[in-house]
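Student: Quick one: the structure is below, and I'll ask about it shortly.
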Amino acid sequence: MSYKKIYLFFCLVLMAVVLIMEQYTDIDVWVSNHFYDFDRHRWTVTPALHEILSPIFYEGAKHFVAFIGTLCVLYMFFSLKKKEWRKNFSAVMTVLLCTIIIPTTVGRLKKVTNVYCPNQLDIYEQKYPYVRVTEKYPDNFQPQHKGRCFPGGHVTGAFSLMSLYLIFHRRKNKLLALGGAVCFGFVTGTYQILRGEHFFSHNLISMLIAAFLIVIINETVIRCAAFIQKRQKCRKIVRTMLRKFQALTFSCKYLKFKWKF
């Protein structure tokens, strides 16, 4: 079994552990209780404070991920002209795809899981019942809209940047890129917990999904690149053979013509 398969299996195991933690423990509620003031009926980051901090921790985080994606597009464009840049083409392509595919995938999952955010739950003085991922809602519960909070969506863009690990070649730089992306993800995730937008497990499962998909996407990009290279080599071989055949045909015609005279 290759190390990639072991890695993917390990990610799946950790996802199962997080789901078990979410289902059978009260860690999520215990963590969020520290950031909700039951006397003042508000979260640590209030809507007014969010308006001030959003350019950094919310909208700012989104813009930063989009900026990285834009840099990837520019790098790929200029690598078509500079051969020395092409050695990182697959890795840069992986980063770009990760910033698109991972948030999209998690967004799809959020529609299926139907889990509400902490700031919508009755345990925090709101109207929706606190129901875990694998539990059913009460029969008399008729919501106006489905919940869309599990997995955490906002952090997926930050965690998708863990793919920057693939761009660098030195171990130190790889670890810095990976560590920076993980810290970035936890900072944005913690900010969402402070707002009551997500539980701890929502962000943790998003990180594991991102880690899982990064390897899948990278492997797909590598295989596609190898397939394209093989096709290009085959085309070169066919073109060479055709040129030789044409040269041989021309030589035969020339000799036949010369023999007549």
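Student: Looking only at region 179-198, which residues are over 19 Å from PHE38 (Cα atoms) and among the small types (Gly, Ala, Ser)?
Tutor: Within region 179-198, GLY179, GLY180, ALA181, GLY185, GLY189 meet the criteria.
Student: Say we look at region 71-83 and pick out the residues that are of a type in the set (Phe, Trp, Tyr) and loosely packed, with under 12 Cβ neighbours inside 10 Å; which of these is nearest to VAL221 (Cα to Cα)?
Tutor: PHE77
Student: A further question on this structure: State which residue pairs qualify: first residue within 16 Å of HIS198 (Cα to Cα) and inside region 46-61, second residue open to solvent by 70 Å² or more (accessible area, probe 1.4 Å) in any location, beta carbons under 9 Å apart, and separation of 6 or more residues or different chains.
Tutor: Close Cβ pairs (under 9 Å, with a partner that is open to solvent by 70 Å² or more (accessible area, probe 1.4 Å)) amount to PHE57/VAL187.
Student: Then there is this: Does region 90-116 hold any residues that are open to solvent by 40 Å² or more (accessible area, probe 1.4 Å), free of Cβ contacts under 8 Å to residues at least 40 places away in the same chain and more than 20 Å from GLY196 (Cα to Cα), and which are they?
Tutor: ILE100, THR104, ARG108, VAL112
Student: Right, something else. Is it the case that region 131-143 has a residue that's touching a residue at least 24 places away in the same chain (Cβ under 8 Å), in contact with a strand residue (DSSP E or B) (Cβ under 8 Å, 6 or more places away or on another chain) and part of a loop (DSSP other than H, G, I, E, B)?
Tutor: No; the residues of region 131-143 include none that is touching a residue at least 24 places away in the same chain (Cβ under 8 Å), in contact with a strand residue (DSSP E or B) (Cβ under 8 Å, 6 or more places away or on another chain) and part of a loop (DSSP other than H, G, I, E, B).
Student: Residues of region 59-85 being touching a helix residue (DSSP H, G or I) at 6+ places or on another chain (Cβ under 7 Å) and of a type in the set (Phe, Trp, Tyr), which ones?
Tutor: Matches in region 59-85: TYR75, PHE78, TRP85.
Student: Here is a follow-up. Taking region 1-17, which residues are of a type in the set (Val, Ile, Thr) and modelled with pLDDT under 95?
Tutor: If the condition is that a residue be of a type in the set (Val, Ile, Thr) and modelled with pLDDT under 95, then ILE6 is the only one that fits.
Each row is one residue, and each column tells you yes or no for (1) open to solvent by 30 Å² or more (accessible area, probe 1.4 Å); (2) modelled with pLDDT under 95; (3) among the hydrophobic types (A, V, I, L, M, F, W, C); (4) closer than 16 Å to ALA211 by Cβ.
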site: TRP85; (1), (2), (3), (4): yes, yes, yes, no
site: ASN88; (1), (2), (3), (4): no, yes, no, no
site: VAL131; (1), (2), (3), (4): no, yes, yes, no
site: LYS146; (1), (2), (3), (4): yes, yes, no, no
site: PHE159; (1), (2), (3), (4): no, no, yes, yes
site: MET162; (1), (2), (3), (4): no, no, yes, yes
site: HIS169; (1), (2), (3), (4): yes, yes, no, no
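Student: Looking only at region 201-224, how many residues end up being without any contact (Cβ under 8 Å) to a residue 12 or more places away in the chain and open to solvent by less than 20 Å² (accessible area, probe 1.4 Å)?
Tutor: 0
Student: Quickly run through region 103-123 and pick out the residues that are assigned to a helix (DSSP H, G or I) and of a type outside the set (Val, Ile, Thr).
Tutor: Result: PRO103, GLY107, ARG108, LEU109, LYS110, LYS111, PRO118, ASN119, GLN120, ASP122.
Student: Checking the conditions here, which among ALA16, ALA61 is under 20 Å from LEU161 (Cβ atoms) and either open to solvent by less than 70 Å² (accessible area, probe 1.4 Å) or assigned to a loop (DSSP other than H, G, I, E, B) (or both)?
Tutor: ALA61
Student: Separate question: Among the residues of region 88-101, are any touching a Leu at 6+ places or on another chain (Cβ under 7 Å), in a helix (DSSP H, G or I), on the phi < 0 side of the Ramachandran plot and among the small types (Gly, Ala, Ser)?
Tutor: Looking for residues that are touching a Leu at 6+ places or on another chain (Cβ under 7 Å), in a helix (DSSP H, G or I), on the phi < 0 side of the Ramachandran plot and among the small types (Gly, Ala, Ser), one finds at least one in region 88-101, hence yes.
The values are calculated or read from the model by the stated rules, or taken from the named source; none is laboratory data. Note that the coordinates shown come from a computational prediction; the quantities given were computed from them, not determined experimentally. Don't worry about glycine lacking a Cβ; one is built from the backbone with ideal geometry, like all the others, and counts go over all protein chains shown. These accessible areas exclude ligands, DNA and RNA; they are computed on the full protein's heavy atoms, side chains included. Shrake-Rupley method; radii C 1.70, N 1.55, O 1.52, S 1.80 Å.
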